[in-house]
Amino acid sequence: MRPTTQGRTGETTGQRLMISRQRLITLLVITVTAIVAAGIYAALEFQGAKASQAAPPPVEVTTSQALPVAPFVLFRNTAPGQGFGEAATVPLTDPGGPRALSGIACDRVYGTSAMAFCLQTKHELATNFQASVYDSHWKQTASWPLPGIPSRARTNADGSLMASTVFVSGHSYSAAGFSTETVIRDQAGPVSGNLEGFALILDGNRIKATDRNIWGVTFVPRQPDVFYATASSQGKIWLVKGSIAGRTLTVVGSGIECPSVSPDGTRIAYKKSDSGSLTGHRRIAVLDLASGKETVLSEQQSIDDQIEWLDNSTLLYGLPRNGSETDSDIWSIRTDPSAAPALFIEHAWSPSVVR
């Protein structure tokens, strides 16, 4: 019989093999237990989320099979419970009334009387992001993947052009190292332009910095080739005027973020940076394009939204609700610097006024 060998500790080969097996079994038990626990946690979270989504909302809701007759407001419903995150509408004459839920989840939504443009987070096996176009009966007519977290969505007046901004990296414009992708797409199908490929012009010189980002497109009424947007590089932010055909972005102002052109095309509302950079407090301001006069409004809270025009003298914008990470309200403010803000639609975000 072959003698049993012993190690320096006095253990036999058989004993060492038995200890190794025990350690392997222990490791397998721990791994399986962790997987089961994770599965139970995920299942409970899923059930909790389902229960939360089925709970009665704190606002009156109805269901809708189609977009209503204009004028109305299209927005993202942020009321907890049934319909949370869905695109919804209210009549412009009764913004505080019952909201019609579409059944379509959107992170950002914008549209016209004939279509809705929706940026979505798809919670599947792996989380992914998508842009979708819906007709007036909430039937999807087009969709395409997005490379990151939805941030901004805009269409022109007739819905023929759509602009999307997503975070490819990061999730805040004030965070270091963030990167965006902003694309203008024709509803007929072709991409009119990824704005990262447009020439950025400052004082007649082209800025070729690799850290530049473009976001927050707004289209100019009755000028299908012209838009405004925000550009940034090396911590500075600018208002740029864009040309789709010319593939150019020309700097026309500084410290200006997320512009929105008025319905009559004469003014631009935006977030004004107190520091002129990516950091700092954001006030609401309006620029008269003819005179160059800027008016800063009375809202004291820092704004992190792209402003929408209710009409030629009133603005809409979103603010977090009581510090919530998921709920928000839409506020209104007149362009008179003495006017006070007023609650417009509670539990709502991403307003689009359809006239």
- Query: Out of all the residues in the stretch 267-285, which are open to solvent by 10 Å² or more (accessible area, probe 1.4 Å), in contact (Cβ under 8 Å) with a residue 60 or more places away in the chain and assigned to a strand (DSSP E or B)?
  - Reply: Arg267
- Message: Criterion first (assigned to a strand (DSSP E or B) and surrounded by 19 or more Cβ atoms within 10 Å (Cβ to Cβ)) does Val252 satisfy it?
- Response: no
- Assess whether Thr218 counts as being open to solvent by less than 50 Å² (accessible area, probe 1.4 Å), assigned to a strand (DSSP E or B) and either basic (Lys, Arg) or under 28 Å from Thr127 (Cα atoms) (or both). no
- Task: Go through Thr93, Thr127, Thr121 for me and flag whichever is surrounded by fewer than 20 Cβ atoms within 10 Å (Cβ to Cβ), over 22 Å from Trp309 (Cβ atoms), free of Cβ contacts under 8 Å to residues at least 24 places away in the same chain and of a type in the set (S, T, N, Q).
- Result: Thr127
- So, of the residues in the stretch 150-187 that are among the β-branched types (Val, Ile, Thr) and touching a helix residue (DSSP H, G or I) at 6+ places or on another chain (Cβ under 8 Å), which turns out to be farthest from Asp225 (Cα to Cα)? Thr182
- Message: Condition check: under 18 Å from Val354 (Cβ atoms), among the small types (Gly, Ala, Ser), over 17 Å from the mean Cα position of the chain (by Cα) and modelled with pLDDT of 95 or more. Does Ala88 satisfy that?
- Response: no
- Message: Residue pairs, Cβ under 8 Å, 6 or more apart or interchain, first in the stretch 148-160 and in contact (Cβ under 8 Å) with a residue 12 or more places away in the chain and surrounded by 21 or more Cβ atoms within 10 Å (Cβ to Cβ), second assigned to a loop (DSSP other than H, G, I, E, B) and among the hydroxyl-bearing types (Ser, Thr, Tyr). List them.
- Response: Thr155/Thr112
- Item | Selection status of Ser143, of a type in the set (S, T, N, Q), open to solvent by 40 Å² or more (accessible area, probe 1.4 Å) and closer than 24 Å to Gln234 by Cα | no
- Query: Does the stretch 225-240 include one or more residues that are more than 20 Å from the chain's Cα centre (by Cα), part of a loop (DSSP other than H, G, I, E, B) and surrounded by 14 or more Cβ atoms within 10 Å (Cβ to Cβ)?
  - Reply: no
- Query: Tally time: how many residues in the stretch 316-351 are part of a strand (DSSP E or B), open to solvent by 40 Å² or more (accessible area, probe 1.4 Å) and either on the phi > 0 side of the Ramachandran plot or not aromatic (Phe, Trp, Tyr) (or both)?
  - Reply: 4
- Message: Pairs needed: first member in the stretch 190-211, in a strand (DSSP E or B); second member anywhere, among the aromatic types (Phe, Trp, Tyr); C-beta distance under 9 Å; at least 6 residues apart or different chains.
- Response: Leu200/Trp238; Leu202/Trp238
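Working only within the stretch 170-189, note down all residues that are in contact with a Phe, Trp or Tyr (Cβ under 6 Å, 6 or more places away or on another chain) and assigned to a loop (DSSP other than H, G, I, E, B).
If the condition is that a residue be in contact with a Phe, Trp or Tyr (Cβ under 6 Å, 6 or more places away or on another chain) and assigned to a loop (DSSP other than H, G, I, E, B), then Gly170 is the only one that fits.
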- Message: Being aromatic (Phe, Trp, Tyr) and open to solvent by less than 10 Å² (accessible area, probe 1.4 Å) narrows it down to one residue among Phe84, Phe72; which is it?
- Response: Phe72
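The values are calculated or read from the model by the stated rules, or taken from the named source; none is laboratory data. What you see is a predicted model, and the numbers here were worked out from it, not measured in a lab. All Cβ positions, even for glycine, are placed from backbone atoms using ideal geometry, and neighbour counts span all protein chains on display. Protein only, heavy atoms only, side chains kept; ligands, DNA and RNA dropped before computing areas. Shrake-Rupley method; radii C 1.70, N 1.55, O 1.52, S 1.80 Å.
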